[in-house]
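Bear in mind that the values in this text are calculations on the coordinates, not laboratory data. Given the structure is predicted, the values throughout are model-derived calculations rather than measurements. Cβ placement follows ideal geometry from the backbone for every residue including glycine, while neighbour counts extend to all protein chains displayed.
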Amino acid sequence: MTCRLSGAVALITGASSGIGAATAHRLAAAGSSVALVARRGDRLDALVAEIQSNGGSAVAVTADISDRTQANAAVESVVERFGRIDILVNNAGLMLLGPVVGANVEEWERMLAINVRGLLYITHAALPYLLDAAANGPRSVADIVNISSVAGRRASALFGIYNLTKFGVSGFTESLRQEVTRRHVRVGVLEPGAVATELGSHNNDRVQGELLDPFNAQHEVLHADDIADGIEFMVTRPRHASIAELFIMPTDQVT
């Protein structure tokens, strides 16, 4: 087992499946204690058991981060358990696709709540601890990795509100990077192309059948661990090196 993150504490949102779960395994194997934040407590408990059975350190924190009170409480519970936070991975996200004309506005609200407000709430609550870790922790550096998307780089029809949220994540990430990077809190955005996770499964049957299923059938899409590998790369760079943006695409995905 490599120990490049020995002694570090990582908080990962959206950790109950997909990229979040794969990242938890990766960072735990690299020596970090991992705090797993999501709404599905049963899945978190199972993941904690897997990590611990492999010799890692993990704790489950059941929370809906789109609720500011719960987001704040989640961060505080991690600090109470481990004493600090060195790494924050903002992975929780929702992708509901379809036309803007005649759209179900409640779906917009759900995406804005999770993709934007949840990320902001967790980041705001964690920043004082990340700044302290960079100034006083053994690594002398802290990390924030925000998971955006290729949809945060270019807009497409039927992706309108998802585009809005992911463009927003990318813009916020760069602004925050400029604000805190000289204090050795590294802030980076990771933008995946198509990944085989549950992300698309929340769409209705028409979107699934006419848009997502045909795309996935025609492409060799990424796996969650491909993205977790990128996250591990970002947070294990030497203190003087910061990955501000990482764009990972399936080899056969052009756009």
- Item | Ranked Leu47, Leu211, criterion: other C-beta atoms within 10 Å, fewest first | Leu211, Leu47
- Item | Most fluctuating residue given options Ser33, Ser242, Ser53, as computed from a GNM of the chain linking Cα atoms under 10 Å | Ser53
- Note on the structure: FRET efficiency (Asn54, Ser175; Cβ distance; R0 30 Å; to 0.05) is 0.20
- In 10 Å bins starting at 0, how do the alpha-carbon pair distances of the chain split up by percent? 7, 33, 38, 18, 4, 0
- Translational D (Stokes-Einstein, µm²/s) of the range 126-255 at 20 °C and 1.002 mPa s when Rh comes from the Kirkwood sum over C-alpha pairs? 133
- Note on the structure: Here FRET efficiency (C-beta to C-beta, Leu158 to Val105, R₀ 22 Å, nearest 0.05) is 0.90
- For the residues His223, His240, His25, what sequence is obtained by ranking on other C-beta atoms within 10 Å, fewest first? His240, His223, His25
- Kirkwood-based Rg/Rh on the Cα set of the range 121-203 evaluates to 1.07
- Task: Evaluate the relative contact order of the range 9-248 (contact order divided by residue number), counting alpha-carbon pairs under 8 angstrom at least 6 apart; express in whole percent.
- Result: 20
- Mind putting a number on the dipole of the range 9-248 about its Cα centre? Charges go on the C-beta only, +1 for Lys and Arg and -1 for Asp and Glu, and I need it in Debye to the nearest 20. 780
- Item | Backbone HN-Hα couplings from phi across the range 220-236 [Karplus 6.51/-1.76/1.60, Hz, Gly and Pro as x] | 8, 6, 6, 9, 4, 5, 4, 6, 4, 4, x, 4, 4, 4, 4, 8, 10
- In nm, spacing of pseudo-spin labels at Gln253 and Phe215 (7 Å Cα→C-beta vector): 0.7
- Dividing the mean separation of Cα pairs under 8 Å (6+ apart) by the residue count of the range 1-54 yields a relative contact order in percent of 40
- Message: Tell me the mean residue ellipticity at 222 nm calculated for the chain from its helices only (DSSP H runs of n ≥ 4, each -39500 (n - 2.57), averaged over every residue, nearest 500).
- Response: -13000 deg cm²/dmol
